[in-house]
1. Taking a label point 7 Å from the Cα of K136 along the Cα→Cβ vector, which residues of region 142-170 have an amide N closer than 16 Å to it?
2. Remind me, relative contact order of region 1-130 in percent, using alpha carbon pairs under 8 angstrom and six or more residues apart?
3. Based on alpha-carbon atoms only, what is the radius of gyration of region 135-179 relative to the globular estimate 2.2 N^0.38 Å?
4. Which number do you get for Rg(Cα) / (2.2 N^0.38 Å) in region 69-173?
5. Filter the cross-link list K39/K64; K64/K110; K39/K136; K128/K171; K129/K171; K33/K128 down to pairs whose alpha-carbon distance in this structure exceeds 28 Å.
6. Give the long-range amide H neighbours of V147: residues separated by 5 or more places, or on another chain, with amide H under 5 Å away, using H modelled in the peptide plane at 1.01 Å from N.
7. Report, in debye and to the nearest 20, how large the dipole of region 64-184 comes out about its Cα centre when Lys and Arg carry +1 and Asp and Glu carry -1 on their Cβ.
8. Run a plain Debye calculation on region 1-124 (Cα atoms as equal point scatterers, no solvent) and give log10 I(q)/I(0) at q = 0.11, 0.21, 0.22 Å⁻¹, rounded to two decimals, same order as the q list.
Amino acid sequence: MRVSVAAAGLPGRYAAALFDLAQSGKALDSTAKDLAALKSALAESADLRTLITSPGVSREQAGKAVAALAADFGLSDLTARFLGVLAENGRLAVLGDVIRQYDVMLATWKGSTTAQVTSAHKLTAAQKKALEAKLKARTGRTIAVDVTVDPSILGGLVVRIGSEQIDSSIKTRLARLGQQMKGQ
């Protein structure tokens, strides 16, 4: 069964190619697990973010670095080869977007949806589960929550499901209040 999610831009094309390879190799979930480990590493390691975005790192150096990373993380052969292709093509900078789009494709294939959530702080497992339940009640579909931490929103959440966005952040509320006080 082929996923009917529109691949958005370059990251979407890479994600779609990886998804197709993982699907044909019956490795969708293991690839998702590998990508989750990479996503976590990207969030935690400034050195890794620098490696994948620095124009001063040659494609050959990046390829060697991601091969070592794949071995250290115990990533599957498919994921390791995929990282090698990204490095060889000078596209490691889109890795975060590729991971997000792969997650959306996998959720769609499984009959659920992914909500992109921005929070001022890391959500606990209980908070994440409660948010998933509320979103399921609202949409009638199973929702997987992909949380990004952005302290600049001060508090609250920004939730995006497809083209719908729910912004309950304190930053936005303060901006609205400021506009109301100016009479705009």
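The values are calculated or read from the model by the stated rules, or taken from the named source; none is laboratory data. Quantities reported herein were computed from a predicted structural model and do not represent experimental measurements. For neighbour counting, all protein chains shown are included, and Cβ atoms are generated from backbone atoms with ideal geometry for every residue, glycine included. Side chains included, ligands, DNA and RNA excluded: accessible areas come from the protein's heavy atoms. Shrake-Rupley method; radii C 1.70, N 1.55, O 1.52, S 1.80 Å.
1. 142-146
2. On the way: 95 pairs, mean separation 45.5, N = 130.
Result for region 1-130 is 35 percent.
3. Working: Rg = 12.4 Å, N = 45, 2.2 N^0.38 = 9.3 Å.
This ratio for region 135-179 stands at 1.32.
4. 1.26
5. On the way: K39/K64 19 Å; K64/K110 34 Å; K39/K136 24 Å; K128/K171 21 Å; K129/K171 24 Å; K33/K128 18 Å.
Correct reply: K64/K110.
6. V117
7. Charge dipole, region 64-184, about its Cα centre: 560 debye, nearest 20.
8. Debye output, listed in q order: -0.37, -1.28, -1.37.
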